[in-house]
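Peer 1: Before I ask anything, let me first share the structure, which is written out below as structure tokens.
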Amino acid sequence: MSLLRILFGAALLAFGRKLYWLFVGALGFAAASSIATQYLQGMNEWLVLGIALGVGILGALLAMWVQNFAIGLAGFFGGGQIAISFLAFIGMAPRGWYWFPFLIGGVIGMMLVLLFFDWALIILSSLGGASLLTQAFTLPRPTMLLFFIILAVIGIMIQSRMMSAEE
């Protein structure tokens, strides 16, 4: 699972806006992985991986066919995943009420993506990629937060330069 997080995370950091279907699929994978891990504790890791991959593939396919709906859905999952990751980084991982901060982050993420499409994709995919990459490693909390911030900034810089080059 860590290798997939690293691959998806690196791809999101560099190409999240350009390959929006990858953004949708990777964030669907990350969100489903987190939710399945939370609610299917003690279950086979292959089951969790299968559920996460299935949701990710479904999200990527949906993104190719129904772009606006899929991008809004990706914003929702991305915002929810980022909210949960942020709470974990600051030591406030939700227990029992996991869905509430996910829902709030999801609604904010969806609104951002729909209002500011390109920049929202850049920011959310960079944050999502940084989140996936930091989750793949076991680091002390302050180091993990610093690693997350550095990776997110690098992703935003890479993608914004790519967008400027296209214009």
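Peer 1: Which FRET efficiency value, to the nearest 0.05, is calculated for Ile149 and Phe116 with the Förster distance at 30 angstrom and r the Cβ-Cβ distance?
Peer 2: 0.90
Peer 1: Kyte-Doolittle cut-off 1.0, length cut-off 27 Å along the helix's own axis using Cα: show which whole DSSP H helices in the chain pass.
Peer 2: TM-like helix candidates: 20-39, 45-65, 67-89, 141-166.
Peer 1: Would you please put 110-120, 21-31 in order of how densely packed they are, using the mean number of other Cβ atoms within 10 angstrom per residue and starting with the highest?
Peer 2: Result, highest mean first: 21-31, 110-120.
Peer 1: Spin-label point model (7 Å from Cα, Cβ direction): what's the Met64 to Trp97 distance in nm?
Peer 2: My value for the distance between the label points is 4.1 nm.
Peer 1: Rounded to the nearest 500, what is the 222 nm mean residue ellipticity of the chain from helices alone, with -39500 (n - 2.57) per DSSP H run of 4+ residues and division by all residues? Each step should come with its number before you reach the end.
Peer 2: Values: 7 runs with 140 residues, N = 167.
After summing the helix terms and dividing by the residues of the chain, the value is -29000 deg cm²/dmol.
Peer 1: Can you give the extra length, in nm with one decimal, that the chain gains between Arg141 and Leu87 once fully stretched, where that is 0.36 nm per residue apart less the Cα-Cα distance?
Peer 2: Taking Arg141 through Leu87 to full extension adds about 18.3 nm, to one decimal.
Peer 1: Take the Cα coordinates of the stretch 2-166, assign each an equal point scatterer, and use the Debye formula without solvent to give log10 I(q)/I(0) at q = 0.13 Å⁻¹.
Peer 2: -0.54
Peer 1: What ranking of Ile158, Ile84 emerges when the number of other C-beta atoms within 10 Å of each C-beta is taken as an exposure proxy, fewest first?
Peer 2: Fewest-to-most ranking of Ile158, Ile84: Ile158, Ile84.
Peer 1: Could you let me know the centre-to-centre spacing of the stretch 133-156 and the stretch 91-127, using Cα atoms, in angstrom?
Peer 2: Taking the Cα centre of the stretch 91-127 as reference, the centre of the stretch 133-156 is 17 Å away.
Computed from the coordinates by the stated procedures, all read-outs in this text should not be read as laboratory data. Only a predicted model underlies this, so the values are computations on that prediction, with no experimental measurement involved. Ideal geometry is used to build each Cβ from the backbone, glycine not excepted, and the neighbour counts take in all protein chains shown.
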